[in-house]
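K.L.:
Next up is a structure, given as structure tokens.
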Amino acid sequence: MYFKGEGVPKDHREAARWYRMAAEQGYANAQVNLGASYFAGSGLPKDYVQAYMWFNLASSQGFEGASERREIVAQFMTPAQIAQAQALSRNWKPKE
């Protein structure tokens, strides 16, 4: 709602905060949205490592389009950054 300004003022920073809360609980849709926020620098600093990680996590749950987005981000990354993002993905655990 905050991303589009539906019933609340448009606020990408607040949208990213809500995406993070849901993404950290393992919701793939929120993981994709958080990854997109990091990729675009929308409400968050642009961070390709974080974007890749969130897209990768959503992809591992079979979320449609997540793997394609991950590959787009990878085009902007060094091999070391990709390795870092993959390590973050492997070590990630959902919050309760």
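The values are calculated or read from the model by the stated rules, or taken from the named source; none is laboratory data. Just so it is clear, the model here is predicted, and its values are computed rather than measured. Here Cβ is always computed from backbone atoms with ideal geometry, including for glycine, and neighbour counts include all displayed protein chains.
K.L.:
Show me the helices (runs of 4 or more DSSP H) found entirely inside segment 3-62 where at least 3 residues are modelled with pLDDT under 95 and surrounded by 15 or more Cβ atoms within 10 Å (Cβ to Cβ). Walk me through how you get there before you give the answer.
P.N.:
Numbers: elements: 12-23, 28-40, 48-60.
Output list reads 12-23.
K.L.:
If you don't mind, another one. Check whether at least one residue in segment 12-25 is under 20 Å from residue 91 (Cβ atoms), of a type in the set (Asp, Glu) and without any contact (Cβ under 8 Å) to a residue 40 or more places away in the chain, and report yes or no.
P.N.:
No, because not a single residue in segment 12-25 is under 20 Å from residue 91 (Cβ atoms), of a type in the set (Asp, Glu) and without any contact (Cβ under 8 Å) to a residue 40 or more places away in the chain.
K.L.:
Then there is this: Under 7 Å by Cβ, and 6 or more places apart or on different chains, what pairs join a residue from segment 62-78 that is farther than 15 Å from residue 33 by Cα with one that is of a type outside the set (Ser, Thr, Tyr) and at pLDDT 95 or above?
P.N.:
Between residues of segment 62-78 that are farther than 15 Å from residue 33 by Cα and residues that are of a type outside the set (Ser, Thr, Tyr) and at pLDDT 95 or above, the close pairs are 74/82.
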